[in-house]
Amino acid sequence: MKSDALVIIPTYNEKENIAAIIQATFNQKKEFDILVVDDNSPDGTANIVAKLQKEYPNKLYIEKRTGKNGLGTAYIHGFKWAIAKKYDYIIEMDADFSHNPNDLIKLYNACAIDGADVSVGSRYSIGVNVVNWPMRRVLLSYCASKYVRFVTGIPVHDTTAGFVCWKRKVLETIRFDKIKFIGYAFQIEMKFKAWKHKFTIKEVSVIFTDRVLGTSKLNSGIIKEAIFGVLKMRIKGLPK
């Protein structure tokens, strides 16, 4: 039976994590379907998912893209797929266990039971809940979220969070062809547009744990996109 909720996991070279994150998601008390959006990982990530599909028929799906085109475009690809399949709740989650699958139900309930249109797995709504990050990176991420909140006025503490649940109506409202950013700033822009459309956003406190296996995709170019992209959002405004 098809779940009402889909977890989208974008991947690029995540062979060390992908099987475990899929199994952990399917082990939750609440049933979730999973869509992996793989950007042509040379390490064979997609092959691992394909083998697991035999174990989880009609629950695990994969979309293979031809190149590495950015996190934002991977999620948009997944969002369009989810909308076409009529999932009511669509959740973004990383493959590397920085987002705990045990928190999926909290994000789901914030929308399905508490009535939020968007729920954000927040590192900063109650203190700073980050594990295994060097202090420099904690400060960078924390200050980036504070900076975005100050510049845009959006009432969200963790604007850069990538652990997010969307009601389908939110994603149907946002025009993906008007999305400007594909990296770190994508997460900010999506929340900003949802807020501008007057959808309700609820933060759910979670603990973020840095990856143990595999390599982080964060780089200075992605951070610069976020810093200058936020200024553009504030000064020019963005089409909804």
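The values are calculated or read from the model by the stated rules, or taken from the named source; none is laboratory data. All of these numbers come straight from a predicted model, not from anything done at the bench. Glycine gets a Cβ as well: all are built from the backbone with ideal geometry, and neighbour counts include every protein chain shown. These accessible areas exclude ligands, DNA and RNA; they are computed on the full protein's heavy atoms, side chains included. Shrake-Rupley method; radii C 1.70, N 1.55, O 1.52, S 1.80 Å.
What range in the chain is the longest one free of GluC sites (Glu not before Pro) that are in a loop by DSSP and have at most 15 other Cβ atoms within 10 angstrom?
Values: sites that count: Glu31, Glu55.
By the stated rule (loop sites, at most 15 other Cβ atoms within 10 Å), 56-240.
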note = Hydrodynamic calc, the range 28-100: Kirkwood Rh from Cα pairs, then Stokes-Einstein at 20 °C with viscosity 1.002 mPa s, so D in µm² s⁻¹ is 162 µm²/s
query = Under 13 Å from a point 7 Å along the Cα-to-Cβ line of Lys80: which residues of the range 175-208 have their amide N that close?
reply = 175-179
query = Distance from the Cα centre of the range 47-78 to that of the range 94-119, in angstrom?
reply = 20 Å
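Per DSSP helix of 4 or more residues, -39500 (n - 2.57); summed, then divided by the residues of the chain. What does that give at 222 nm, rounded to the nearest 500?
On the way: 8 runs with 95 residues, N = 240.
Mean residue ellipticity at 222 nm (helix-derived): -12500 deg cm²/dmol.
Carbon-plus-sulfur fraction of the accessible area of the chain, 1.4 Å probe, in percent?
Working: 6050 of 11120 Å².
Carbon with sulfur: 54 percent of the solvent-accessible area.
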task = Taking every pair of Cα atoms in the range 15-57, average 1/r, invert it to obtain the Kirkwood radius, and report Rg/Rh to two decimals.
result = 0.96
message = Report the gain in length on full extension from Asp43 to Ile207: 0.36 nm times residue separation, minus Cα-Cα distance, nm rounded to one decimal.
response = 56.2 nm
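Tell me, what is the percent relative contact order of the chain, built from C-alpha pairs under 8 Å that lie six or more residues apart? Intermediate values should be presented prior to the final figure.
Working: 428 pairs, mean separation 55.0, N = 240.
After rounding, I find 23 percent.
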remark   = Straight-line reach check, Lys178, cutoff 13 Å on alpha carbons, 8 or more apart in-chain or any other chain, hits among aspartates and glutamates -> Glu189
request  = May I have the pair-distance distribution P(r) for the chain, computed from all Cα-Cα distances with 10 Å bins from 0 and rounded to whole percent?
outcome  = 7, 34, 40, 17, 1, 0
ask   = If Tyr56, Tyr124 are ordered by their accessible area, calculated over protein heavy atoms with a 1.4 Å probe, which sequence runs from highest to lowest?
value = Tyr56, Tyr124
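DSSP H helices in the chain with Cα extent of 18 Å or more along the helix axis and mean Kyte-Doolittle hydropathy at least -1.0?
71-84, 135-152, 184-196, 220-236
Suppose R0 equals 25 Å; then what is the FRET efficiency for Asp114 and Tyr56 from their Cβ-Cβ distance, rounded to the nearest 0.05? Walk me through the numbers on the way to the answer.
Working: r = 29 Å, r/R0 = 1.15.
So, using R0 = 25 Å, E works out to roughly 0.30.
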query = What's the FRET efficiency of Asn102 with Met1 using the Cβ-Cβ distance as r and R₀ = 25 Å, to the nearest 0.05?
reply = 0.65
request  = Send over a whole-number figure in Å² for the accessible area per residue of the range 1-158, probe 1.4 Å.
outcome  = 45 Å²
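Grab the Cα-Cα distance for Asp88 and Ala24, subtract it from 0.36 nm times how many residues apart they are, and report the gain in nm with one decimal. Before the final figure, lay out each step's value.
Values: separation 64, 0.36 × 64 = 23.04 nm, distance 2.15 nm.
Length gained between Asp88 and Ala24: 20.9 nm.
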